Amino acid sequence: MTVHPIAETIASLMPRAKTELTELVAFQSVADQAQFPKSECEAAANWVADALRSEGFGDVALLDTPDGTQSVYGFLPGPADAPTVLLYAHYDVQPPLDEDAWVSPPFELTDRDGRWYGRGAADCKGGFIMHLLALRALKANGGIPVSVKVIAEGSEEQGTGGLERYAEAHPDLLTADTIVIGDTGNFRVGLPTVTATLRGMTMLRVRIDTLEGNLHSGQFGGAAPDALAALIQLLASLRDEDGTTTVDGLTSDASWDGLEYPEAEFRKDARVLDGVRLISEGSVADRIWARPAVTVIGIDCPPVVGATPSLQASARAQISLRVPPGQDAADATKLLTAHLESHTPWGARVSVEQVGQGQPFKADITSPAYTSMADAMRVAYPGEEMQASGMGGSIPLCNTLSALYPEAEILLIGLSEPEAQIHAVNESVSPEELERLSVTEALFLLNYAQSKKA
């Protein structure tokens, strides 16, 4: 079988890609200054900016976004009358969680069992490296046939909307004919996949107060209202017995029409323990791509070690609600807020604070750009055809870009296939997927440029 010159070039660039990803992963760029110093994000942003400059990008800028973070922008002009393509990735990452649970240090890229492990390796520092590889391969094989804009976000994982608000205030900055979001992933390793839908998200913090101060549980327990117990009862109201999300007024029975997710594969990908049932009902695809899902992502409460026999005067939790296409995130926020207020027991005082929100997204996979992507994937993944799946996660910027540039086509690809275990301990990236998707992106740019000439 003849190997495409683009594929040969990218294969030769993989050692450099590993070195660069090692450098980028080393930055502890968690956009949460309560846990990690801001200097780590600033250093990562400067690394990205320097990488763009080294590839000939002009107008490279560190954009100070309204949420206090920085996004990195660069522009590389193409031939006259060539279309403009915007390439997106983000350099901020999730916290490492339990560092003791990592087999290798989270901020040291480690080659193990055919994968590269490290926080951000797949989500989404690897996505930025993918863009670099594609552009380098094109330059080595006749030149880049389109004008390229790159935007690397610094607060995607926080959901604080800094880049969205910056783009709205500077609507000409990210204008493009098509946009490639490099922050999703194949349905499984080796199966080329575009993401057709994203669930939106709303993030709320709820606080319950019942007492002026903590009390001795022996002296007052049984009559005095415990805020932590009230919070537990409130959070339990968000799901029914089989685990289905039950926010008052929020529809939870939609169906997914497309690529299915076999339950056995999902159990393996999700690392569900033997004997433990999946929650809710319907197909797996229904549950993770077409329906809302509530998750309690944090509770402020005394740890077991050092706990005292006390009733808690106050308790707080952070709640994430994933919102599927067809539902409005703002409406879902109102419903969730009303549910929390109406289900708080014992007349306890409750306050709800919104800390993040993003709308769901649905792509038009019948557009011409998707034909160019399908042709590219067919070459990069011999014997396979492009598949379309949903994704339960959120990329709020997609809706902002869609509203700002309604004529632009938006494609979602990336490195976060199930084995990558993004947002969990021992996140990793498949170097083979990095290589093949870089080939895909380079060929897509070639195909897309040709299609615009036709």
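Side notes on the structure shown:
- Scan of the range 181-238 for residues that are open to solvent by 20 Å² or more (accessible area, probe 1.4 Å), assigned to a strand (DSSP E or B) and closer than 30 Å to Ser394 by Cβ, ordered by number: Arg188, Met203, Arg205, Arg207
- The one condition in (1) within 23 Å of Met14 (Cβ to Cβ); (2) of a type in the set (S, T, N, Q); (3) touching a residue at least 40 places away in the same chain (Cβ under 8 Å) that Gln94 fails to fulfil: (1)
Here is a yes/no grid of residues against (1) aliphatic (A, V, I, L, M); (2) open to solvent by 20 Å² or more (accessible area, probe 1.4 Å); (3) modelled with pLDDT of 95 or more:
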| residue | (1), (2), (3) |
| --- | --- |
| Ser71 | no, no, yes |
| Tyr88 | no, no, yes |
| Asp92 | no, no, yes |
| Asp111 | no, yes, yes |
| Gly120 | no, no, yes |
| Asp123 | no, no, yes |
| Gly127 | no, no, yes |
| Met130 | yes, no, yes |
| Gly142 | no, yes, yes |
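- Evaluation of Thr371 against (1) at pLDDT 95 or above; (2) open to solvent by less than 20 Å² (accessible area, probe 1.4 Å) (one fails), failing number: (2)
- Between Asp248, Asp257, the distinction of being at pLDDT below 95 and open to solvent by 40 Å² or more (accessible area, probe 1.4 Å) belongs to Asp257 only.
- Selected residue (only one of Asp248, Asp331, Asp286, Asp300 is in contact (Cβ under 8 Å) with a residue 60 or more places away in the chain and charged (D, E, K, R)): Asp248
- Here the condition is being outside any loop (DSSP other than H, G, I, E, B) and open to solvent by 10 Å² or more (accessible area, probe 1.4 Å); of Thr440, Thr400, it holds for Thr400 alone.
- Restricting the range 11-68 to residues that are among the small types (Gly, Ala, Ser) and open to solvent by 60 Å² or more (accessible area, probe 1.4 Å) leaves a set whose member that is farthest from Asp172 (Cα to Cα) is Ser12.
- Residue, surrounded by the fewest Cβ atoms within 10 Å (Cβ to Cβ), within the range 73-84, restricted to residues that are more than 21 Å from the chain's Cα centre (by Cα) and not aliphatic (A, V, I, L, M): Asp81
- Criterion (under 21 Å from the mean Cα position of the chain (by Cα) and of a type outside the set (Gly, Ala, Ser)) met by exactly one of Thr333, Thr244, Thr251: Thr333
- Checking Val247, Val150 one by one, the residue that is among the hydrophobic types (A, V, I, L, M, F, W, C), in a loop (DSSP other than H, G, I, E, B) and touching a helix residue (DSSP H, G or I) at 6+ places or on another chain (Cβ under 7 Å) is Val247 and no other.
- Meets criteria (closer than 24 Å to Ala152 by Cβ, open to solvent by 10 Å² or more (accessible area, probe 1.4 Å) and aromatic (Phe, Trp, Tyr)) for Tyr405: yes
- Every listed requirement among (1) touching a residue at least 60 places away in the same chain (Cβ under 8 Å); (2) more than 22 Å from the chain's Cα centre (by Cα); (3) at positive phi is met by Asp59 save one, (1).
- Qualifying residue in the range 33-48 (condition: closer than 17 Å to Cys124 by Cβ, of a type in the set (Val, Ile, Thr) and in contact with a strand residue (DSSP E or B) (Cβ under 7 Å, 6 or more places away or on another chain)): yes
- Extreme residue, nearest to Leu437 (Cα to Cα), among residues of the range 62-110 that are in contact with a Lys or Arg (Cβ under 8 Å, 6 or more places away or on another chain) and of a type in the set (Val, Ile, Thr): Val85
- Within the range 106-129, the residues that satisfy the criterion of being assigned to a loop (DSSP other than H, G, I, E, B) and over 14 Å from Pro95 (Cβ atoms) are Glu108, Leu109, Asp113, Gly114, Ala121, Ala122, Cys124.
The values are calculated or read from the model by the stated rules, or taken from the named source; none is laboratory data. Since the structure is predicted, the reported quantities are computational estimates derived from the model, not experimental observations. Cβ atoms come from the backbone with ideal geometry, glycine included; neighbour counts cover every protein chain shown. Quick note on the areas: whole protein, heavy atoms, side chains included, nothing else; ligands and nucleic acids left out. Shrake-Rupley method; radii C 1.70, N 1.55, O 1.52, S 1.80 Å.
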